[in-house]
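K.L.:
One structure follows; several queries about it will come next.
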Amino acid sequence: MPTLGTVSAATGVICLVLLSAVVVLGILLQRRVRLPGLPRFAGLSLHRYASLLAVGFLALHIITAVAGPYARIGLTAIVVPFASAYARSWLALGAVATDLIVAIVATSLLRRHLSYRAWRAVHWLAYACWPFALAHSIGTGGGMRSGRLLDLAVVCAVAVTAAAGWRVAAAFLDPLAVARQPGKPTGMVRPPLARAGRTGLTTTRLSVDPIACTGHGLCAELLPELVALDRWGYPLLADQHVPASLVRRTRRAVTDCPALALKLTREGSVNRRD
């Protein structure tokens with residue numbers, strides 16, 4: 001029967017794999033890469049669910065590590081580096097990784113109340129969190145230093161390093177690509193798929209901040225009835241109030257916008273008899 005120590009070790013390995021997947025998915029989504037067989041908004045949902053799973057396994061990993069009958073880790077050592085006499089340096093790395101994850105989760109929950117720059121700056125801590133978590137896993141888990149678990153750690157390291165290197169290289173190339181663009185986006189590739197009638201309209205209107213928008217195109221996939229894309233992938237909104245049947249999906253599009261460029265605003269009453 002598995003002991004709490006075994007469960008703690010297993011959940012730690014799972015958490016490392018999920019965290020690696022979250023970092024790689026975040027890089028791919030930021031670079032507007034469409035995952036094979038999935039629309040872009042599905043990739044965003046996958047990134048979010050993988051993040052939630054990683055946090056869940058991290059919580060289970062910490063609880064089982066502290067609650068074990070032979071545990072030598074105090075509650076303070078979870079968040080305060082170098083507070084534990086046992087495996088002092090390796091547990092300090094784990095405490096730093098935990099603190100960074102808490103900061104990332106907290107700002108993600110408060111994302112709508114923060115500026116995009118502030119949220120993005122904190123979100124970059126994921127790049128710092130991952131190497132701390134990897135070093136902690138290898139240092140405290142003896143099984144991670146050999147065999148298949150070591151191979152798994154190497155695969156995670158290669159995947160994250162390759163994705164991060166690709167993003168850095170792309171960042172240097174992007175300014176050149178932007179300089180070659182012919183100007184401000186104008187032409188429309190396709191119109192909205194459908195325009196709802198006046199019946200059932202709300203007093204809510206969808207708007208976009210053209211300065212904040214980065215042209216991911218997720219809004220057009222989530223809400224094709226009201227959002228079109230121009231030839232550069234930037235949104236063109238239908239000139240109407242949001243129909244009641246689309247309010248829920250419109251709110252999701254606003255929440256899922258990577259740049260927080262979409263906004264819902266309320267206007268005066270709408271004449272529903274037109």
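The values are calculated or read from the model by the stated rules, or taken from the named source; none is laboratory data. As the structure is a prediction and not an experimental result, all values here were calculated from the model. Positions of Cβ are generated from backbone atoms using ideal geometry, with glycine treated the same way; all protein chains shown enter the neighbour counts. Remember, those area values only see protein heavy atoms, side chains included, never the ligands or the DNA or RNA. Shrake-Rupley method; radii C 1.70, N 1.55, O 1.52, S 1.80 Å.
K.L.:
Contact list please: Cβ distance under 8 Å, first residue in the stretch 153-166 and of a type outside the set (Asp, Glu), second residue open to solvent by 30 Å² or more (accessible area, probe 1.4 Å) and not in a helix (DSSP H, G or I), pairs at least six apart or on different chains.
P.N.:
TRP166/ARG31
K.L.:
Hey, another quick one. Taking only pairs six or more apart or across chains, which ones have beta-carbon atoms under 8 Å, a first residue in the stretch 241-256 that is within 12 Å of THR202 (Cβ to Cβ), and a second residue that is open to solvent by 60 Å² or more (accessible area, probe 1.4 Å) and not in a loop (DSSP other than H, G, I, E, B)?
P.N.:
VAL242/LEU264; THR250/LEU264; ARG251/LEU264
K.L.:
Anything in the stretch 89-102 that is open to solvent by 60 Å² or more (accessible area, probe 1.4 Å) and free of Cβ contacts under 8 Å to residues at least 24 places away in the same chain? List them, or say none.
P.N.:
Selection gives VAL102 alone.
K.L.:
Looking at LEU19, LEU25 in this structure, which one is surrounded by 20 or more Cβ atoms within 10 Å (Cβ to Cβ), within 11 Å of CYS156 (Cα to Cα) and not basic (Lys, Arg)?
P.N.:
Only one candidate passes the filter, namely LEU19.
K.L.:
A further question on this structure: Just name the residue that is modelled with the highest pLDDT out of those in the stretch 103-141 that are closer than 23 Å to THR161 by Cα and surrounded by fewer than 14 Cβ atoms within 10 Å (Cβ to Cβ).
P.N.:
Here the answer is ALA128.
K.L.:
Residues of the stretch 233-256 being in a loop (DSSP other than H, G, I, E, B) and either in contact with a strand residue (DSSP E or B) (Cβ under 7 Å, 6 or more places away or on another chain) or open to solvent by less than 70 Å² (accessible area, probe 1.4 Å) (or both), which ones?
P.N.:
GLY233, TYR234, ALA238, GLN240, HIS241, VAL242, listed by residue number.
K.L.:
Of the conditions (1) in contact (Cβ under 8 Å) with a residue 60 or more places away in the chain; (2) open to solvent by 40 Å² or more (accessible area, probe 1.4 Å); (3) part of a helix (DSSP H, G or I), LEU60 clears all except one; give me its number.
P.N.:
Here LEU60 meets the rest and fails (1).
K.L.:
Looking for whichever is modelled with pLDDT under 85, acidic (Asp, Glu) and open to solvent by less than 70 Å² (accessible area, probe 1.4 Å) here; the options are GLU221, GLU267. Which one fits?
P.N.:
Result of the check over GLU221, GLU267: GLU221.
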